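Heads up, the thing below is written out as structure tokens.
The values are calculated or read from the model by the stated rules, or taken from the named source; none is laboratory data. This one's a predicted model, so the numbers in the text were calculated from it and none came from an experiment. A quick note on method: Cβ atoms are made from the backbone with ideal geometry, for glycine too, and the neighbour counts reach across all protein chains shown.
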Amino acid sequence: MIAGHRLNDKIFDAALIGTEFPLDVDLIDRVEVIRGPNSSLYVASAFLGVINIITKRGRDLKNVSVAAEAASYGTYEGRVSYGNKFHNGLEMLFSGSLYESHGQDQLFYQEFDTPANNNGIAVNADDDEFHQLFASVSWGHFTLHGLFGSRDKGIPTAAFGTVFDVTGTRTFDTRGYLDLQYDRELGHGWNFSSRTYYDG
């Protein structure tokens, strides 16, 4: 979960945890882990535990934050974020991230080591690219947050019966949601919470 919003998909009931994970790790404040069966509080698949990622708030960034990285294999990454908390109680955080990597030029797979399969060498088939957007706005008892992540990854392993060493073999992962939450303390140990959201 991200800030209590469930990320598991509706097909395999799995969460995206690689470069397709839709949240920039620089925006993570902390990670909460609840071990053991939690199906009674969450859903039937919460059998071994629950992981909840808590994001930073606008007050944690204090205006504009810019980050850039470069690495081997033609890898570049950048992020621009803005966060603030105003005197009237309005708090906001907006962030956009991008990542691009050419990957290794050649990868060898012994399972495909035949002349018909380029002697097991996949050429220029390991690229990776993603884009991420995150927004969080809170005022009074209301909190609105949403994110969008899109990843385009070259697949060099001829997965799912595809042809080996074909650079057009790719996987696309897109995940996004918009979540509006209302929380209010009623007193005497009672709290009211309501949430509505849209996922894609």
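Across segment 71-86, the number of residues qualifying as within 24 Å of Lys56 (Cα to Cα) and either modelled with pLDDT of 95 or more or surrounded by 14 or more Cβ atoms within 10 Å (Cβ to Cβ) (or both) comes to 10.
Tallying residues that are exposed (fewer than 10 other Cβ atoms within 10 Å of the Cβ), assigned to a loop (DSSP other than H, G, I, E, B) and small (Gly, Ala, Ser) within segment 157-194 yields 2. Quick check on my filter: what residues within segment 87-136 are out of contact with any Phe, Trp or Tyr (no Cβ under 6 Å at 6 or more places or on another chain), buried (at least 16 other Cβ atoms within 10 Å of the Cβ), assigned to a strand (DSSP E or B) and in contact (Cβ under 8 Å) with a residue 40 or more places away in the chain? Listed by number, the residues that qualify are Glu91, Met92, Leu93, Ser97, Leu107, Ala122, Asp128, Gln132, Phe134, Ser136.
What residue, of Asp183, Asp179, Asp173, Asp126, is under 17 Å from Leu23 (Cβ atoms), in contact with a strand residue (DSSP E or B) (Cβ under 6 Å, 6 or more places away or on another chain) and at pLDDT below 95? So that I can check it myself, show each step before the final result.
On the way: Asp183 fails: under 17 Å from Leu23 (Cβ atoms); Asp179 fails: at pLDDT below 95; Asp126 fails: under 17 Å from Leu23 (Cβ atoms).
Among Asp183, Asp179, Asp173, Asp126, only Asp173 is under 17 Å from Leu23 (Cβ atoms), in contact with a strand residue (DSSP E or B) (Cβ under 6 Å, 6 or more places away or on another chain) and at pLDDT below 95.
Number of residues in segment 125-163 that are out of contact with any helix residue (DSSP H, G or I) (no Cβ under 9 Å at 6 or more places or on another chain), closer than 30 Å to Gly58 by Cα and of a type in the set (Gly, Ala, Ser) equals 5. Looking across segment 47-85 at every residue that is part of a strand (DSSP E or B) and among the acidic types (Asp, Glu), the one that is farthest from the chain's Cα centre (by Cα) is identified as Glu69. Selection of segment 145-175 for residues being of a type in the set (A, V, I, L, M) and under 17 Å from Gly120 (Cβ atoms) yields Ile155, Ala158, Ala159, Val163, Val166. Beta carbons closer than 6 Å, at least 6 apart along the sequence or on distinct chains, pair a first residue in segment 52-74 that is closer than 22 Å to Leu147 by Cα with a second that is exposed (fewer than 10 other Cβ atoms within 10 Å of the Cβ) for Ile53/Val31; Ile54/Arg30.
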